[in-house]
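To start, the structure under review is shown below, and the notes come after it.
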Amino acid sequence: MSQLLFKDVNKVYPNGYHAVHDFNMEIKNGEFICLVGDSGCGKSTTLRMIAGLEDITSGEFYIDGKLANQMSSRDRGIAMVFQSYALYPHLTVYENLAFGLMLEGIDADVIEEKVQATAKILGLTDYLERFPRALSGGQCQRVAVGRALIRKVNIFLMDEPLSNLDAKQRVTMRSEIKQIHRSVGATTIYVTHDQTEAMTMSDRIVVMKSGGYVQQIGTPFELYFYPKNLFVAGFIGEPPMNFIRGTVENGILNASGLQLNLAPVVRDVKSIEGKKVVFAFRPEAIKLEETQNSYKLTSKVELTELLGDTTNVYATVGAGDGRTNIILKVNPHHTPEMGAGFSFNVPYISAYVFDAETEQIVENDIERH
Ligand code: ADP
């Protein structure tokens, strides 16, 4: 296990592209961290800097308190698993697992012991004599993880390791990787563009935005319930959070023909007087029964999608230019008719207000759960 520390780490590629801006973070021993964000936001670049495969342009990077900017890859105590499994096709599973240890000149009986132990953890014992071409995608990925695991390193780096697998295999491997992490305990940095992977696997998540800007670092709970800005609010959650834009007059949000009193959901309603804001709530946070301390909204149903355990309702609120598309999740037994009007409630504890200009959350004292 290792502890990592980033202080104002920047990456500017030789062509002048600034791929990572002022990355600051402390990663604790044994933490499982996911870097998420859209393609091109600097996730792999960050991972490659940790691995020592890319130079750090400015700032400081420490491993266990030691400045590591110039440390060679080999001395960093890392193992990396890539999206492409990069297995040797002409070697068996056993040989693929053993290869790195053989290069290090380790005794054959020690290698045998380690290969067997690793194969056992990953459920590969029955496949040791097979060649990669005779394995499924999930099994290949397990061998790739095994090759990293067998080296008993302190830091595991994984770059989209599951993206070549089908949906079912991804779910299985997700929990396997989590279990391996629990038993091995290595500090793990995992890159993905898939927020479900990040939410289910991480101790903490780093949300990045294109241009290499960190938007928020937090536990899955914090990012889901306490997004600091519009980007994180829209990125975490599926379907995404609903945004209704409008202007505040006398503490009332006027948006799309709606009028919502914002006093209950912001700390100081005067601070947003006259401003353009975004009123937001999650599709799954609505209530059908009228309750106290909630906003009552009326929408028009455009389309419904029965998913089995839930129905997604695509609807609009407001009229004319201000008409806004929203998505609501409802119990399938309460699926509304398409084209009909549909009333619902947004509890104050599930409502968010963002400043439309700065895109930051407007301060509030709401305890969300
Ligand atoms: P992600 O992993 O989030 O998809 P990357 O870290 O791979 O993003 O890339 C971040 C940005 O840096 C992208 O815009 C990419 O085009 C750019 N980039 C990556 N490698 C290089 C390079 N060697 N030279 C110049 N730009 C690069």
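Readers should treat all values here as calculations from the given coordinates under stated rules, not as data from a laboratory. Keep in mind the model is a prediction, meaning the values are calculated, not measured. Positions of Cβ are generated from backbone atoms using ideal geometry, with glycine treated the same way; all protein chains shown enter the neighbour counts.
First check a/c for region 106-244, with a ≥ b ≥ c the square roots of the eigenvalues of its C-alpha gyration tensor; if it is under 1.5, answer rounded, and if not, answer prolate when a/b is larger than b/c or oblate otherwise. Note, shape of region 106-244 comes out prolate.
Of all aspartates and glutamates in the structure, the ones whose alpha carbon falls short of 12 Å from that of LYS7, not counting any fewer than 8 places away in one chain, are ASP22, GLU26, GLU60.
Rounded to the nearest 10 degrees, the inclination of helix 108-122 to the longest alpha-carbon principal axis of the chain is 20 degrees. Projecting the Cα positions of THR45, VAL143, THR324 onto the charge dipole of the chain (unit charges on Cβ atoms of Lys, Arg, Asp and Glu, taken about the Cα centre) puts VAL143 furthest along the positive direction. Tell me, what is the FRET efficiency for SER72 and LYS329 to the nearest 0.05, using R0 = 56 angstrom and their Cβ-Cβ distance as r? Between SER72 and LYS329 the formula returns 0.65. At full extension, PHE82 and GLN259 could sit 58.7 nm farther apart than now, given 0.36 nm per residue minus the alpha carbon distance. What does the extension gain come out to for ARG368 and ASP126, with contour length at 0.36 nm per residue minus their alpha carbon separation? Additional length available on full extension: 82.3 nm. The value of relative contact order for the chain, using C-alpha pairs under 8 Å at least six residues apart, is 16 percent. By the gyration tensor of its Cα atoms, with a ≥ b ≥ c the square roots of the eigenvalues, what is the shape of the chain: rounded for a/c under 1.5, prolate for a/b over b/c, or oblate? Verdict is prolate for the chain. Taking ASP166, ASP321, ASP38 as the candidate residues, the one with maximal mean-square fluctuation in a Gaussian network model of the chain, Cα springs under 10 Å, is ASP321. Placing dummy labels 7 Å off each Cα toward the beta-carbon, the span from ASP64 to ALA134 is 4.1 nm.
Largest GNM mean-square fluctuation among ALA134, ALA285, ALA98, using the chain with Cα springs under 10 Å: ALA134. Taking each residue as 0.36 nm, the span from TYR348 to GLN292 lengthens on full extension beyond its C-alpha to C-alpha distance by 19.2 nm. Taking the Cα centre of region 80-146 as reference, the dipole from Cβ charges on Lys and Arg (+1) and Asp and Glu (-1) amounts to some 400 debye.
With 31 Å as the limit, the listed pairs LYS43/LYS275; LYS11/LYS168; LYS43/LYS178; LYS228/LYS329 have LYS43/LYS275; LYS11/LYS168 beyond it between alpha carbons. When the Cα gyration tensor is reduced to axis lengths a ≥ b ≥ c, the ratio a/c is 1.5 or higher for region 193-257, and with a/b above b/c it is classed as prolate.
Note on region 1-152: along the principal axes its Cα atoms extend 47, 31, 26 Å, ordered by decreasing extent. List the lysines whose Cα lies under 17 Å from the Cα of LYS114, skipping any in the same chain that are fewer than 8 positions away. List returned: LYS152.
For ASP107, put the label point 7 Å out on the Cα→Cβ axis and report which residues of region 146-174 keep their amide N under 13 Å from it. Counting backbone N atoms under 13 Å from the label point, the list is empty. For region 150-205, the equivalent ellipsoid derived from the alpha-carbon gyration tensor has semi-axes of 18, 12, 11 Å in decreasing order. Remark: spin-label model distance ASP268-GLU337 equals 5.0 nm, labels positioned 7 Å along the Cα→Cβ axis.
Over the residues of the chain, the helix contribution to mean residue ellipticity at 222 nm works out to -7000 deg cm²/dmol, using -39500 (n - 2.57) for each DSSP H run of at least 4.
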